[in-house]
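Participant: Input: one structure, supplied below.
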Amino acid sequence: MSSRPRPNSNAYVRGIDAETAACLVLVRHGWTVLARRLRTEAGEIDIIAAQPDLLAIIEVKARRTLADAALALSHRQRARLIAAADIALAEHPEWAREGMRFDLMVVDANGVIRRIADAFRLEN
C-alpha cells in the first residue's frame, strides 16, 4: 500500500498548491521552470528549474511549520531524487547546465515559502 496522498485528498491538494506557489516564487526570482511533476522510472521530480548556468532539481514539502517541512525529506527520498535526476538529464540533455543542485522548497500552513538551496549533495 502506498503512502502517497490520493488525488482527492486534502494532502494531495495542499501539495499541488504548494508546488504551484513554489513555481511562482521561482519565476519571480528569474528562474525558468523546465518541468513540473516530471515522472521518471525512479520517481517523480516536483520541479526542475534553470537559470542560464544552473539547473535545480527541486522537492517541495508542505507541512504545518517550515521546520516540519524541512525535516520531511527522508534519505530514501533524496536517493530517489538523485536517481530521477539522472534519468531526466539522460532524457533531456538540453537541460544540462554548468552547475546543478538539489533544492528543497518548504511551505507552511500560512503559505510562507522558503527555499533551501543546495539542500543535499550526491555524497550525502
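Taken together, the values in this text are just the output of simple stated rules run on the coordinates, not laboratory data. These figures come from a predicted structure and were not determined experimentally. Cβ placement follows ideal geometry from the backbone for every residue including glycine, while neighbour counts extend to all protein chains displayed.
Participant: Just Ala22, Ala90, Ala56 to compare: in a GNM of the chain, with alpha carbon springs under 10 Å, which one fluctuates most?
Facilitator: Per the Cα network of the chain with a 10 Å cutoff, Ala90 tops the list.
Participant: Roughly how big is segment 10-120's charge dipole about its Cα centre, with Cβ charges of +1 (Lys, Arg) and -1 (Asp, Glu), in debye to the nearest 20?
Facilitator: 400 debye
Participant: Hey, fewest Cβ within 10 Å first, where do Glu59, Glu94, Glu19 land in order?
Facilitator: Glu94, Glu19, Glu59
Participant: Any idea what angle helix 75-91 forms with the longest principal axis of the chain, computed on alpha-carbon atoms, 0 to 90 degrees, nearest 10?
Facilitator: Roughly 40 degrees between the two axes.
Participant: Quick check: net charge around Ile116, other residues with Cβ under 13 Å of its Cβ, Lys/Arg +1 and Asp/Glu -1? Let's see the in-between values first.
Facilitator: Working: positive: Lys61, Arg78, Arg101, Arg114, Arg115, Arg121; negative: Glu59, Asp103, Asp118.
Neighbour charge sum, excluding Ile116 itself: +3.
Participant: Compute the relative contact order of segment 75-124 as a whole-number percentage, counting only Cα pairs closer than 8 Å that sit 6 or more residues apart in sequence.
Facilitator: Once divided by the residue count of segment 75-124, the mean separation gives 29 percent.
Participant: Hey, what angle do you get for helix 10-28 against the long axis of the chain, alpha-carbon based, 0 to 90 degrees rounded to 10?
Facilitator: Here the helix axis deviates by roughly 40 degrees.
Participant: What number does the chain give for Rg over Rh if you use C-alpha atoms and the Kirkwood radius?
Facilitator: Ratio of gyration radius to Kirkwood radius: 0.94.
Participant: Who wins for biggest fluctuation among Asp108, Asp86, Asp53 in a Gaussian network model of the chain, springs between alpha carbons below 10 Å?
Facilitator: Highest fluctuation among the options: Asp53.
Participant: Using only the alpha carbon atoms of segment 18-86, find the Kirkwood hydrodynamic radius as the inverse mean reciprocal pair distance, in angstroms to one decimal.
Facilitator: Working: mean 1/r = 0.0789 Å⁻¹.
Taking the inverse mean of 1/r over all distinct Cα pairs, segment 18-86 comes out at 12.7 Å.
Participant: Let me ask another. Could you tell me what percent of the DSSP beta bridges with both partners in segment 10-120 are antiparallel, to the nearest 5?
Facilitator: Counting only bridges with both partners in segment 10-120, antiparallel ones make up about 65 percent.
Participant: Place a label point 7 angstrom from the Cα of Ala35 along the Cα-to-Cβ direction, then list the residues of segment 71-109 whose backbone nitrogen is under 14 Å away.
Facilitator: Answer for this model: 81-97.
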